[in-house]
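The values are calculated or read from the model by the stated rules, or taken from the named source; none is laboratory data. Predicted model, so just to flag it, every value in this text is computed and none were measured. Just the protein is used for accessible areas: all its heavy atoms, side chains included, with ligands, DNA and RNA removed. Shrake-Rupley method; radii C 1.70, N 1.55, O 1.52, S 1.80 Å.
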Amino acid sequence: MEQEKQIRLTSGELSQLLYQYMEESASVCALSFFLEKADDEEIKSVIEHALKLSQSHVQKISSILTEEKHKVPIGFSVEGDVDLTAPRLYSDGFVLNFIEQMAGIGLSLISTSLYSSVRSDITAYYKECLTETMELFEMSKDLLLEKGIYIRAPYVSNHKEIEFVKKQAFMWDVIGEKRPLIASEVASLYSNIQRNALGTATLTGFSQVSRSKDVTKFMMRCIEVAKKHIDLFSGKLKESNLPVAMTWDADITTSTAYTFSDRLMMYYTTALISLSVGFYGTSISVSPRMDLGAMYNRLSLEIQKLSEDGADIMIKNQWLEQPPMAPNRNDLAKDN
C-alpha cells in the first residue's frame, strides 16, 4: 500500500476527479436549495440522500487531491452561489425527475471514470460511487413510478420472429417514404426529447433569476434551440405514429428573485450542452436510418457553437477554472 501511494495520478484519473469535484460542488448548491423548498416528505428524503452523497464525494475528492499535492478547485459553495431564502423555483415533481435524470447520466460518467482509473484506491472510490449512484437512480425512479409521474418510453410491437435486412434502403433511404423506426432509434429519440425538455425547464427557471443580461440572453437562445430539437425529435416519432413525451414547463414558478449565482447557472448550462454532444453521438451509432444520422450531425454542430459562445461568456467573466495542462516545452526553453 505504501508503494502504491507513491504512484502519481494519471491524466485520466486527475481529469475525472476534477470534473466530478466541480459537478458535485454544483450539485450541493442546487440540492441544498431544493431540500430547503421541498414539501413532499418522500421526495424530500430522496433530495436529502442525494445531497449527502454529493457532500461526501466533494470531501473524498478534496482529500485525494490534497494528498497528491494538487490544488483543489474553487468549485461552488452554498454560501457564495445560492440563496436558500429565495422563493421556490421548481415543483417537487420536477426536482425528483431532475435527480433521476442526473443520476442516470451520472452512471454513464462514473463508468467512464472507472474505466480511466488505474490506481486501486481510485478504482475502489469509483466502484463505491457507481453503487451509490445506482441506488439513488433506483430510489428516484421507483418514487416517480409510485407517484405516477414517470414517463415511459414508447412501446413497439412484439418481436415474434427473426428477420434479416434485405435492402440497402433499410439504411440509405434518405428521400421518399422512410421505413418505420427500430427500437433503438425510438429509444434515442425519446431520451433526447426527455433530456432537452429537462434542460428547457431548468434554463427557463435560470433565465428568470439571472442578474446578467448576457447570461439571460444566452439562456433564452439555448431554450429556443432545445425546443427546436424537441420538435424535430417529436416529428420523427409522430411519423411512425408513436406518442411524444410531455414537457416540464408547468413545473416552474414565476419567481424572479436571486436564487443561484450566474456562474453556477452558466456552469450547469454549458455542462448540459456538452452532454448533449455526447448523447447525440451515441444516437448516431444506434440509428441506422441515414436521415436520423444526418439530423444528429447537424444538431451536434449547432450545439457545439452554443458551447463555444457559453465558454466565451464564462471566460469574459472569469468564471471558467482552467484545468491542469501539459507543460509548454517551447515556452520553458525560451525562459532559459
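By a 1.4 Å probe calculation restricted to protein chains, Tyr125 has an accessible surface near 10 Å², given to the nearest 10. The listed residues Met325, Met246, once ranked by accessible area (1.4 Å probe) with the largest placed first, stand as Met325, Met246. The listed residues Leu35, Leu51, once ranked by accessible area (1.4 Å probe) with the largest placed first, stand as Leu35, Leu51.
Highest mobility in the GNM of the chain, judged by mean-square fluctuation with C-alpha springs under 10 Å and restricted to Gly205, Gly148, Gly104, is found for Gly148. A 32 angstrom limit on the alpha carbon distance is what I want to check against. Which of Lys178/Lys227; Lys71/Lys127; Lys127/Lys178 exceed it? Over 32 Å Cα-Cα: Lys127/Lys178. Counting only alpha carbon atoms, the long axis of helix 120-146 and the longest principal axis of the chain meet at about 50°. The string of couplings for region 277-293 from the Karplus curve (6.51, -1.76, 1.60, θ = phi - 60°) is 4, x, 5, 5, x, 5, 4, 4, 5, 10, 10, x, 5, 5, 5, 6, x Hz, one whole number per residue in order, with x for Gly and Pro.
Of the three principal axes defined by the Cα atoms of region 36-94, the extents in descending order read 43, 23, 15 Å. Karplus-derived 3J(HN,Hα) values for region 23-40, using 6.51 cos²θ - 1.76 cosθ + 1.60 with θ = phi - 60°, are 5, 6, 5, 5, 5, 4, 5, 5, 5, 4, 5, 4, 5, 4, 9, 5, 9, 6 Hz; glycine and proline are entered as x.
Remark: the Cα gyration tensor places region 64-159 in the oblate category, a/c being 1.5 or greater and a/b not exceeding b/c.
Coupling constants for region 88-95 follow from the phi torsions by the Karplus curve (6.51 cos²θ - 1.76 cosθ + 1.60, θ = phi - 60°), and in residue order they are 4, 10, 9, 6, 4, x, 5, 4 Hz; glycine and proline get x. Size check on region 200-332: the Cα extents along the three principal axes, sorted descending, read 58, 47, 17 Å.
Taking all protein chains as they are arranged and a probe of 1.4 Å, the heavy atoms of Met219 leave approximately 0 Å² accessible to solvent. Among Asp81, Asp312, the sequence by solvent-accessible area, most first, with a 1.4 Å probe is Asp312, Asp81.
For the chain, the average shadow cast by the Cα convex hull is 22.2 nm², which is a quarter of the hull's surface. Rolling a 1.4 Å probe over the protein heavy atoms gives the chain an accessible area of 54 Å² per residue. Calculate what fraction, in whole %, of the accessible area of the chain sits on carbon and sulfur atoms when a 1.4 Å probe is rolled over the protein chains. Within the chain, the accessible surface is 55 percent carbon and sulfur. Rounded to the nearest 10 degrees, the inclination of helix 41-67 to the longest alpha-carbon principal axis of the chain is 50 degrees. Check Tyr90: other-chain or 5+ apart residues with amide H under 5 Å from its amide H, H built from backbone geometry? The answer is Thr253. Our helix-only sum for the chain, with -39,500 (n - 2.57) per DSSP H run of n ≥ 4 divided by its residues, gives a mean residue ellipticity at 222 nm of -23500 deg cm²/dmol.
Taking amide H atoms as placed 1.01 Å from N in the peptide plane, the amide H of Val82 lies under 5 Å from those of Ser261, each 5 or more residues away in sequence or on another chain. Look at the alpha carbon pairs under 8 Å that are at least 6 residues apart: their mean separation over the length of region 245-311 gives a relative contact order of 35 percent. Quick one: pull the percentage of alpha-carbon pairs in region 1-103 with a separation above 18 Å. Cα-Cα pairs of region 1-103 separated by over 18 Å account for 54 percent.
Contact order for the chain, expressed relative to its length and based on alpha carbon pairs under 8 Å spaced 6+ residues apart, stands at 19 percent.
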